[in-house]
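For reference, the structure discussed in these notes is given below.
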Amino acid sequence: MDFHAIAQRAIGDMPPETRFRPEDAEVIRAHRDLILPLAEEYVTSFYDVLFAHEPTRAVFEEGERPEREATQVDFFRRIVEGPHDDEFFAWLAFVGPVHVVRQVSNPMMLAMLDYMVLYVMKKFRGHENADAVTEAFVRLAATLGAIISYGYEVAWQEALQNVVGMPPALVQRMVHEEAQRMFPLRSHGAASYPHPADGAPPRGRPVAWPVYFFSIHSASGGKATRSSAVKRVVRNAVHSRSESARPSAS
């Protein structure tokens, strides 16, 4: 996997107004003396939230929390201190396949990025530069979420291509065709698919509800078998390439 390409593609898909900018990095660095001392308290609360919720607690192995907390402290310091360069964003792209292996879903990841923003916002409440710091972290979290989730998606795609033994272009076309079959669009994203608020409309009733469908489908094997096979391929790729392909975090 080309982590630099993944990061740049994810950033390129974001509208410019939503991306993490050099001026945002400057705002965060200018306030690092206030932000960095929060690292340990933030990380403790971060994992308190994760371990209080059964689906996220199930991700962790017994006795693993101290090690994960130390890693998260380092991560928080890195995103505050930078440098926020191509290597930094490529390093973030590597988190995607790691999350596939660890079974960390994108909803879990995105929710905790939002938690980071809320934490910083609360700590800077009343500060003269509260708005600037909060906006910088909002764009930072949006960019991190885009890169990590896209890295997750690419890891699944590449692993599935290895599992089913099909060329990437063919897999992509099959996914697109199956998505069209499952969610037939009329025009401008309106689908013949029931909106939850509509209860149970007659089958095939057109409902103007935009559907954003990003999925991977295989025509062979059961769901559990495919899932475990894909994770096995990603796990092997992460372990075999981590030393040679992962950008340095220093």
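The values are calculated or read from the model by the stated rules, or taken from the named source; none is laboratory data. As the structure is a computational prediction, the values presented were derived from the model and not from experiment. Glycine gets a Cβ as well: all are built from the backbone with ideal geometry, and neighbour counts include every protein chain shown.
Brief remarks follow.
- Residue in the range 46-53 that is surrounded by 19 or more Cβ atoms within 10 Å (Cβ to Cβ) and under 15 Å from Thr143 (Cβ atoms) present: no
- Take the conditions (1) of a type outside the set (Lys, Arg); (2) more than 30 Å from Glu158 (Cα to Cα); (3) not in a helix (DSSP H, G or I); Pro66 misses just one of them, which is (3).
- Residue match in the range 90-97 (condition: on the phi < 0 side of the Ramachandran plot, assigned by TED's automatic domain parsing to the domain that holds Ser45, buried (at least 20 other Cβ atoms within 10 Å of the Cβ) and in a loop (DSSP other than H, G, I, E, B)): yes
- Matching residues, the range 116-151, being closer than 18 Å to Pro37 by Cβ, without any contact (Cβ under 8 Å) to a residue 40 or more places away in the chain, of a type in the set (D, E, K, R) and assigned to a helix (DSSP H, G or I): Lys122
- Of all residues in the range 12-45, exactly one satisfies the criterion of being over 15 Å from Ala136 (Cα atoms), small (Gly, Ala, Ser) and either surrounded by 14 or more Cβ atoms within 10 Å (Cβ to Cβ) or modelled with pLDDT under 95 (or both), namely Ala39.
- Considering Met166, Met182, the condition of being over 30 Å from Pro22 (Cα atoms), at pLDDT below 80 and out of contact with any Pro (no Cβ under 9 Å at 6 or more places or on another chain) is satisfied by Met166 alone.
- Subset of the range 124-155 [within 12 Å of Asp24 (Cα to Cα) and among the acidic types (Asp, Glu)]: Asp131, Glu135
- Some residue of the range 7-24 being more than 17 Å from Arg102 (Cβ to Cβ), over 21 Å from the mean Cα position of the chain (by Cα) and not polar (S, T, N, Q): yes
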